[in-house]
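I have placed the structure first, in the form of structure tokens, so that the comments after it can refer back to it.
The values are calculated or read from the model by the stated rules, or taken from the named source; none is laboratory data. It should be emphasised that the depicted structure is a prediction, and the values quoted were computed from it without experimental measurement. Virtual Cβ from ideal backbone geometry, glycine too; neighbours counted across all protein chains shown. Calculation scope for accessible area: heavy atoms of the full protein, side chains included, ligands and nucleic acids excluded. Shrake-Rupley method; radii C 1.70, N 1.55, O 1.52, S 1.80 Å.
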Amino acid sequence: KVTPDMTIGELIRLDETLFNSHEAGMHCIGCPSAQGESIAEAAMVHGIDGNMLVAQINDFLENK
């Protein structure tokens, strides 16, 4: 289960295809900040609700 404190890097290693299909407009693969930035921090930077993003990611992963 994905949590807001997981780093984007951890999430990419968990499932690289996630950011190819997510509609948030976040281009995390290749971003230098991805390795150390949490999902919550990345969401904030992109003006996205972090809790909603985590819920969407978990839903995507469960239904994949």
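Quick notes on this structure:
- Within segment 29-50, being within 12 Å of residue 4 (Cβ to Cβ) and open to solvent by less than 50 Å² (accessible area, probe 1.4 Å) holds for 37, 38, 39, 40, 42, 43, 48, 50.
- Residue under evaluation residue 10, criteria (1) surrounded by 12 or more Cβ atoms within 10 Å (Cβ to Cβ); (2) in a helix (DSSP H, G or I); (3) at pLDDT below 90, criterion not met: (3)
- The one condition in (1) modelled with pLDDT under 90; (2) part of a loop (DSSP other than H, G, I, E, B) that residue 4 fails to fulfil: (1)
- Evaluating residue 64 against the criteria (1) surrounded by fewer than 14 Cβ atoms within 10 Å (Cβ to Cβ); (2) charged (D, E, K, R); (3) modelled with pLDDT of 90 or more leaves one unmet condition, (3).
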